[in-house]
Amino acid sequence: MAGLDLQYKALDDGQTVAGELVKDYRAAAGDYPATASSLMFGKLDGASALAGLLDSVEKIASEDLEYAHRRLSGVESGLEEVETNTRKATKAGDVAAV
């Protein structure tokens, strides 16, 4: 791939940042979903319904965190694959040019 000016450092930095975010999302997702109880709301009218709604919100948050985690993991591995394949292609191009 003669003439390809690729910044390997940028790929490496992007992979590093994505890896850090994957860890952050994994840690945050570990706290979800929490379970709500009507006891949390004392004698409030509709406490049971409110706890049910809170459970729904917790479930959505958990699903969103898991989705973000999967996507960021894909970005991390994708950047690694781009770097690896580009290095292989550059090396093959250098060998062929000789």
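Laboratory data are not the source of any read-out in this text; all were calculated from the coordinates shown. Because the structure is a prediction, the values reported are computed rather than measured. Here the Cβ positions follow ideal geometry from the backbone for every residue, glycine too, while neighbour counts run over all protein chains shown.
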note = Excluding residues fewer than 8 positions from K23 in its own chain, the aspartates and glutamates with Cα under 14 Å of it are D31, E66, E76
ask   = By how many degrees, between 0 and 90 and to the nearest 10, does the Cα long axis of helix 47-97 differ from the longest principal axis of the chain?
value = 0 degrees
task = Return the label of the correct value of mean projected area of the Cα convex hull in nm², as calculated from the structure shown, out of (1) 6.3; (2) 7.5; (3) 8.2.
result = (2)
query = Between S62, S73, S38, which gets the highest mean-square fluctuation from a Gaussian network model of the chain, Cα cutoff 10 Å?
reply = S38
task = Using only alpha carbon pairs under 8 Å that are at least six residues apart, calculate the relative contact order of the stretch 8-97 and give it in whole percent.
result = 44 percent
note = Counting Lys and Arg as +1 and Asp and Glu as -1 over every other residue whose Cβ sits under 14 Å from the Cβ of Y25, the net charge comes to -3
message = If you fit an axis through the alpha-carbon atoms of helix 8-29 and take the longest principal axis of the Cα set of the chain, what angle between them do you get, 0 to 90°, nearest 10?
response = 20 degrees
task = Determine which lysines satisfy two conditions relative to K88: a Cα distance under 18 Å, and not lying fewer than 8 residues away in the same chain.
result = K9
message = Give the lysines reachable from K43 as a straight Cα distance under 30 Å; neighbours fewer than 8 places away on the same chain don't count.
response = K59
